[in-house]
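For reference, the structure is listed below as structure tokens.
Bear in mind these aren't lab numbers, they're just calculated from the coordinates by the rules spelled out. Computed from a prediction, not measured in an experiment: that's the story for all the values here. Glycine also receives a Cβ, built like all others from the backbone with ideal geometry; neighbour counts cover every protein chain displayed.
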Amino acid sequence: MNMRKGGVDTSLIGHIEGITSVPNWVKNVNEAKQQKLRCLYTHAMSLGNKKEELELLVQEVKPDIIGITETWWNTRHDWSTGIEGYVLFRKDRNKGKGGGVALYINDEVDCKELKSEGMEKTESVWAKITLGKKTIRSSPGIVLGVCYRPPGSNLDMDRDLFNVFNEVNTHGNCVIMKDFNFPDIDWRTSASNNNRAQTFLDVIADEFLHQVVAEPTRGDAILDLVLVSSEDLIDEMVVGDNLGSSDHELIQFKLNGRINKNKSETRVFDFKRAKFSKLRKFVREVDWTKEIMDLKVEEAWNYFKIKLQKLSEACIPRKGKKI
């Protein structure tokens, strides 16, 4: 697995234009590259004031999978959490400030959320993506998880999360993105003088999970982790840059495997399942006069369109449409 320290990996971006005839061997190489999913993971320290920066980053890097810890979301953010072209799975913290996790998956990727009684006890969100050319019952898959362990976690909270690790391992291959707040682990030796941290190390060893982030993600510590059931699952890891004012580094990597993408359909609003009462409530809660008072006519119109689009994404599900 190749790792390097630096900025956003813009080598992931790009395409060839103006070619009318491509040799078969070139097509095969391009297809092989397309089999890898681009992944981003970071600790946001509140997405409330960083959502626009996240959307700009998404437009630049075009990741297929985005994992985020510490979203600080609650029901007041329902209208603004969606990103066009992505399915969002999220879990907000029920009590207190902060916390929350989110997992965005490209809506061309065949995926489904995983839920269980054990998962409900933890600050985590889980989904399974399907591998292979067709979506069939026997198709292999990869379980994706985003977890957050607050610094003040007690033993029961740790135990609940460890039990979920054991549970997802029964689904096959897995990739877990998380902030576990164990700054005193020496990942070069996989050892710690902290008893709780050493218990964590023992658990991931028992579950045959590998921690693959080798560069510090906050100060001199590796707080943001990526656990995998097999090191062959990921490649080309990059640690560097921040999302807005967050003091945690972004982590980029590619996920290997032939991924099933729904390329034969586009995503359109499914108005039959729309929650119009919820949409009307959100629209009424916006102080339109205050928001557009100092804007020019064109700026006000653009603001209205973007705001209405975001509100619609929160209230109207999408469906596939054959093209």
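What the table shows:
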item: Relative packing of peptides 121-131, 184-194, 218-228 - highest average C-beta neighbours within 10 Å first; result: 121-131, 218-228, 184-194
item: HN-Hα J in Hz across the stretch 279-289 - Karplus 6.51, -1.76, 1.60, θ = phi - 60°, x for Gly and Pro; result: 5, 4, 4, 4, 5, 5, 6, 7, 7, 4, 4
item: Cα→Cβ-extended label distance, 7 Å offset, between ASP184 and LEU308, nm; result: 5.7
item: Contour minus Cα-Cα distance for MET157 and ASP220 (0.36 nm per residue); result: 20.1 nm
item: Sites ASN166 and ASP294 - FRET efficiency at Förster radius 35 Å, r taken between beta-carbons, to 0.05; result: 0.05
item: Relative packing of 246-256, 89-99, which averages over residues the other C-beta atoms within 10 Å, highest first; result: 246-256, 89-99
item: Part-to-part distance (alpha-carbon centres) for the stretch 178-218 and the stretch 39-104, which is given in Å; result: 25
item: Sequence-distant residues sharing a close amide H with ASP270 (under 5 Å, placed H); result: ARG318, LYS319
item: Vicinal HN-Hα couplings computed from phi for the stretch 103-120 (Karplus, 6.51 cos²θ - 1.76 cosθ + 1.60; Hz; Gly/Pro x); result: 9, 9, 10, 3, 6, 8, 8, 6, 8, 8, 6, 9, 9, 7, 4, x, 5, 5
item: Of every Cα-Cα pair in the stretch 270-322, the percent that sits beyond 12 Å; result: 68
item: Estimated FRET transfer efficiency when R0 is 35 angstrom, pair GLN198-SER116 (beta carbons, to 0.05); result: 0.80
item: The stretch 300-316 - phi-based ³J(HN,Hα) in whole Hz, Karplus 6.51/-1.76/1.60, Gly and Pro as x; result: 5, 5, 5, 4, 4, 4, 5, 5, 5, 4, 5, 5, 5, 4, 6, 10, 10
item: Theoretical gain in end-to-end length, PHE208 to SER245 [0.36 nm per residue, Cα-Cα removed]; result: 9.8 nm
